[in-house]
Amino acid sequence: MRTAALVGLAVVLLVGFAWGWARSARADGAVPARVGQFAPDFTLKDQNGRPVTLSEFRGNRTVVLYFYPKDDTPGCTKEACSFRDDMARFEALNVRVLGVSVDGIESHRAFAEKYRLNFPLLSDEDHRVSRAYGVFSRLVGFAYAKRTTFVIGPDGAIRQIFTDVDPKQHAVDLLKYLSGSPVQTSSEG
């Protein structure tokens, strides 16, 4: 009888944990931004504490707005360094690259300095922007932005969404897309 009760309790705990884990892994119930809609505007501080407002680029530049989970982790570092290494090519296409994560300004500053990143890393500590774009998630209490990139045209509309990207290859794939070459995307539009 005692063994059956312990097994029952273990099953209940495992099912409860699995349910909680699955629930926490979902994207916070937000409606994701879609191709064709206007990109939600925001102002966030970069790694130097300077405010950056998305609508500042409207009318004259395409914006690559890429969300990433965590500063100074292997995949995020590869992705950031690939943007850094190809920045001249993005600038030649009149494209502004903005990185966003839920890490704080100090974390962004250390990450940018360590890898000599040459573009703004925006701090979304209150998760407001990640939620607006539908990329905010939690996994067992760990808050993060899912790795997702939005290409926003000069008119402010979302042109393309990239999900499930290869961090090392992502900048090259974006450059192909931006220059009109065919590229495989996982668009949510």
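None of the figures in this text is laboratory data; all of them are computed from the coordinates on show. As the structure is a computational prediction, the values presented were derived from the model and not from experiment. Heads up, the Cβs are rebuilt from the backbone with ideal geometry, glycines too, and the neighbour counts pull from every protein chain shown.
Scanning region 79-96 for residues that are over 21 Å from N60 (Cα atoms) and within 14 Å of the chain's Cα centre (by Cα) gives E79, A80. Any idea which of (1) part of a loop (DSSP other than H, G, I, E, B); (2) buried (at least 16 other Cβ atoms within 10 Å of the Cβ); (3) in contact with a helix residue (DSSP H, G or I) (Cβ under 9 Å, 6 or more places away or on another chain); (4) not basic (K, R) is the one G134 doesn't satisfy? It is condition (3) that G134 fails. Considering region 137-159, the residues that are of a type in the set (F, W, Y) and farther than 18 Å from L93 by Cβ include one that is surrounded by the fewest Cβ atoms within 10 Å (Cβ to Cβ), namely F142.
May I ask you to list the residues in region 86-108 that are in contact with an Asp or Glu (Cβ under 7 Å, 6 or more places away or on another chain) and either without any contact (Cβ under 8 Å) to a residue 12 or more places away in the chain or surrounded by fewer than 19 Cβ atoms within 10 Å (Cβ to Cβ) (or both)?
The first filter runs over region 86-108 and keeps only residues in contact with an Asp or Glu (Cβ under 7 Å, 6 or more places away or on another chain), leaving 100-104, 107-108.
The answer is G104, S107.
When F150 is tested against (1) in contact with a His (Cβ under 9 Å, 6 or more places away or on another chain); (2) under 20 Å from V35 (Cα atoms); (3) of a type in the set (A, V, I, L, M, F, W, C), exactly one condition is not met: (1).
Looking across region 109-131 at every residue that is in a loop (DSSP other than H, G, I, E, B) and of a type in the set (F, W, Y), the one that is surrounded by the most Cβ atoms within 10 Å (Cβ to Cβ) is identified as F119.
Please verify whether region 108-126 includes one or more residues that are more than 19 Å from R50 (Cβ to Cβ) and either among the polar types (S, T, N, Q) or in contact with a Gly (Cβ under 8 Å, 6 or more places away or on another chain) (or both). No.
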